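Working notes for the structure below.
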Amino acid sequence: MPELQRLHADHAHAVLAFELANRAYFAASISDRGDEFFDQFADRYSALLAEQEAGRGGFYVLVAGDGSVLGRFNLYRLGDGAAELGYRVAQHVAGRGVATAAVRELCRLAVARHGLSTLRAATSHDNAASQRVLTKAGFVPVGPADPGDIGGKPGTWYQLELVLQP
């Protein structure tokens, strides 16, 4: 059973393998990270961990039983009880409910671990899979996304008001 784990230093190799293995798949629906991302991966990864340690982000990986990364689920721009959500899952698990389950779990963690009350996520109009994930997780469309928010593509912002479960 895959487990959503808080990002830590030991995940670095598996995260890089995940990003490299799925690069072309991701680039079909979201902006490619570019060669610079991979060339500077170690520094960028360290910066993510520092941002998380400082409380400015909450970064998670969905880890399979064999230790491989199936997805990344990130809370960023944390402040005033709100954050933005970003996620990506491996091509070989896409369409199987993996992203929806992990987003739901991250919503629970957003309240319990990060004290958040609102999450926002932007997706392009042509990323129907991401729109379905957000809708199934309870997000509702709240307005247009600036193309700069999602790699130069037109899209929509979704929002979810979080509630603490008893």
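Nothing in this text is a laboratory measurement; each read-out follows from the coordinates by a stated rule. Please read all numbers here as calculations on a predicted model, not as lab measurements. For neighbour counting, all protein chains shown are included, and Cβ atoms are generated from backbone atoms with ideal geometry for every residue, glycine included.
Taking the inverse of the average 1/r across all pairs of different Cα atoms in the chain, what Kirkwood radius in Å do you get?
Averaging 1/r across every pair of different Cα atoms and inverting gives 16.2 Å.
Please report, in whole Å, how far the alpha carbons of the range 79-121 spread along each principal axis, starting with the longest.
Its Cα atoms span 36, 16, 11 Å along the three principal axes.
Label the range 71-153 by shape, choosing from rounded, prolate and oblate, from the square roots a ≥ b ≥ c of the eigenvalues of the Cα gyration tensor; if a/c is under 1.5 it is rounded, and otherwise prolate applies when a/b is larger than b/c, oblate when it is not.
oblate
Magnitude of the Cβ-charge dipole of the chain, K/R +1 and D/E -1, about the Cα centre, nearest 20 debye?
Its charge dipole is roughly 560 debye.
Can you give me the Cα centroid spacing of the range 1-65 and the range 120-153 in angstrom?
If you average the Cα positions of each part, the centres end up 20 Å apart.
Just need the Rg to Rh number for the range 1-44, please, alpha carbons only, Kirkwood Rh.
Radius of gyration over Kirkwood radius for the range 1-44 works out to 1.00.
Given a Förster distance of 30 angstrom, what is the FRET efficiency for Ala50 paired with Asp149, based on the Cβ-Cβ distance and rounded to 0.05?
The value I calculate is 0.80.
Rounded, prolate or oblate, given the Cα gyration tensor of the range 40-95, with a/c below 1.5 counting as rounded?
Since a/c reaches 1.5 but b/c is at least a/b, the shape of the range 40-95 is classed as oblate.
Taking 0.36 nm per residue of sequence separation and subtracting the Cα-Cα distance, how much length would be gained by fully extending the chain between Glu36 and Glu161, in nm to one decimal?
41.4 nm
Give me the percent relative contact order of the range 3-161, please, defined on Cα pairs under 8 angstrom at least 6 residues apart.
Reported relative contact order: 19 percent.
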